[in-house]
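Quick notes on the structure that follows.
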Amino acid sequence: MIKYTQLGVYGVLVKNDKVLLIKKARGPHTGKWDFPGGSIEFGEEPYETLKREFWEETGITSLKGVLHDSISYTLIYPYNDTQLEELHHIGIIYNVSLLDMNFELKIEGDGQDSEGSQWIEIKQLNNLALTPFVKKIMLGHY
């Protein structure tokens, strides 16, 4: 079994009892709802990652992020038909607020990382397939 660690930066944006989530297009959480975010690129500061990932996945460019927490989990999943992988995923979590309300939300994904972004009512989260980070931050458990 291959074991690896992934470090990512994610943003929690709540507005009018809704949270902004993206639907994962690949990886161990394909089809699940996740916070906008992703891996830190070489030489990039975590806050730069937050802004870049928000723009790539949601179209939002004007935001403010305040460091909230760092959390992690491990997950074993099938990499292919014959091999398992074990992921240790570490997330740097920011609380995000909008600095400008004039933006066009990317509801269509890029087909690579995201199938698109959407405002989801917080009260509906229990009915959806969520990543461990969303479960932990929004529902209080993994």
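Bridgeable aspartates and glutamates around LYS51 (alpha carbons under 15 Å apart, same-chain partners fewer than 8 residues away excluded): GLU41, ASP100. Amide H contacts for ALA25 (H built 1.01 Å from N in the peptide plane; partners 5 or more residues away or on another chain; cut-off under 5 Å): GLY31, SER114, GLU115. Counting every other Cβ atom within 10 Å of each residue's Cβ, ILE120, ILE76, ILE2 order from fewest to most as ILE2, ILE76, ILE120. In the chain, a dipole from Cβ-located charges (positive for Lys and Arg, negative for Asp and Glu) runs towards its positive end, and of VAL14, ILE93, PHE35 it is VAL14 whose Cα lies farthest in that direction.
Straightening the chain between HIS68 and LEU105 buys 10.9 nm, computed as 0.36 nm per residue apart minus the Cα-Cα spacing. Seen against the Cα atoms of the chain and their longest principal axis, helix 46-58 is set at about 80 degrees. For the chain, taking Cα atoms only, Rg and Dmax work out to 14.7, 48 Å respectively.
With a cut-off of 17 Å on the backbone N, the residues of segment 85-117 near the modelled label site 7 Å out from LEU7 along Cα-Cβ are 88-94. Distance between the pseudo-spin-label points of ILE90 and LEU128 (7 Å out from Cα toward the beta carbon): 2.8 nm.
Each of GLU86, GLU56, GLU41 was scored by other Cβ atoms within 10 Å of its Cβ. Arranged with the fewest first, they read GLU41, GLU86, GLU56.
Where a number appears in this text, it was derived from the coordinates with a stated rule and is not lab data. Here the structure is a predicted model, which is why all the values come from computation and not from measurement. Cβ: placed from backbone, ideal geometry, glycine included. Neighbour counts: every protein chain shown.
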